[in-house]
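The values are calculated or read from the model by the stated rules, or taken from the named source; none is laboratory data. What you see is a predicted model, and the numbers here were worked out from it, not measured in a lab. Neighbour counts are summed over all protein chains in view; Cβ atoms, including those assigned to glycine, are modelled from backbone coordinates with ideal geometry. Note: areas computed on protein heavy atoms with side chains; ligands, DNA, RNA excluded. Shrake-Rupley method; radii C 1.70, N 1.55, O 1.52, S 1.80 Å.
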Amino acid sequence: MAEFFAEISGNAALILTALGQHVLISLTSILLGILVAVPAGILLTYCRKAAGVVLGIFGVVNTIPSIVLLGAAMILLGLGFAPAVAVLFLYSLLPIMRATYTGILDVSPKCLKAARGMGMSRMQTLRLVQLPLALPAIMTGIRL
């Protein structure tokens with residue numbers, strides 16, 4: 001056990017550097033996933049026929065083992081930051097997109113009718129009613 005702690009203390013700078021890189025890769029891929037998947041999930045609610053196809057395609061991508069996808073990304077993008085971000089980005093799209101799609105569809109029709117009755121446009125209804133009510137579901141998708 002003493003050797004373990006000696007190894008960690010001897011390589012503390014290297015461990016902290018690797019931890020910082022890991023956090024940067026994770027945050028970058030999640031932020032990119034949010035920027036792409038939330039608007040895509042919103043668009044899928046307006047075109048429900050395409051939703052099944054799009055969610056199905058991303059479902060298939062999520063069944064590919066991560067080591068295979070990382071290997072393919074390394075062949076295409078080389079070693080380093082870019083392939084790791086690309087693979088994590090692809091894996092983040094399905095849960096965020098599905099949660100956004102489901103969250104917006106689960107908004108009560110009574111709330112939507114009330115928004116229309118108050119004279120809200122489609123964009124106002126989305127921004128002021130649907131997204132706030134779907135936010136817990138969207139956050140769950142981001143957490144996953």
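Here is a list of conditions, (1) aromatic (F, W, Y); (2) closer than 23 Å to P95 by Cβ; (3) at pLDDT below 90, and Y46 meets all of them except one; can you say which number that is?
Y46 satisfies all of (1) aromatic (F, W, Y); (2) closer than 23 Å to P95 by Cβ; (3) at pLDDT below 90 except (3).
Answer with yes or no whether S26 is farther than 30 Å from M123 by Cα, of a type in the set (S, T, N, Q) and surrounded by 11 or more Cβ atoms within 10 Å (Cβ to Cβ). Spell out the reasoning first.
Values: farther than 30 Å from M123 by Cα: yes; of a type in the set (S, T, N, Q): yes; surrounded by 11 or more Cβ atoms within 10 Å (Cβ to Cβ): yes.
Answer is yes for this residue.
Please note which helices (runs of 4 or more DSSP H) are completely contained in segment 1-119 and include at least 3 residues that are touching a helix residue (DSSP H, G or I) at 6+ places or on another chain (Cβ under 9 Å).
Numbers: elements: 2-10, 12-46, 48-63, 66-77, 81-105, 109-117.
Answer list for segment 1-119: 12-46, 48-63, 66-77, 81-105, 109-117.
Kindly check whether there is at least one residue in segment 3-16 that is without any contact (Cβ under 8 Å) to a residue 12 or more places away in the chain, more than 15 Å from M97 (Cβ to Cβ) and open to solvent by less than 50 Å² (accessible area, probe 1.4 Å). Full working, then the answer.
Filtering segment 3-16 down to residues without any contact (Cβ under 8 Å) to a residue 12 or more places away in the chain leaves 3-16.
Okay, now just the ones that are also more than 15 Å from M97 (Cβ to Cβ), so 3-16.
Next, from what is left, pick out any that are open to solvent by less than 50 Å² (accessible area, probe 1.4 Å): 12.
The answer is yes; a qualifying residue exists.
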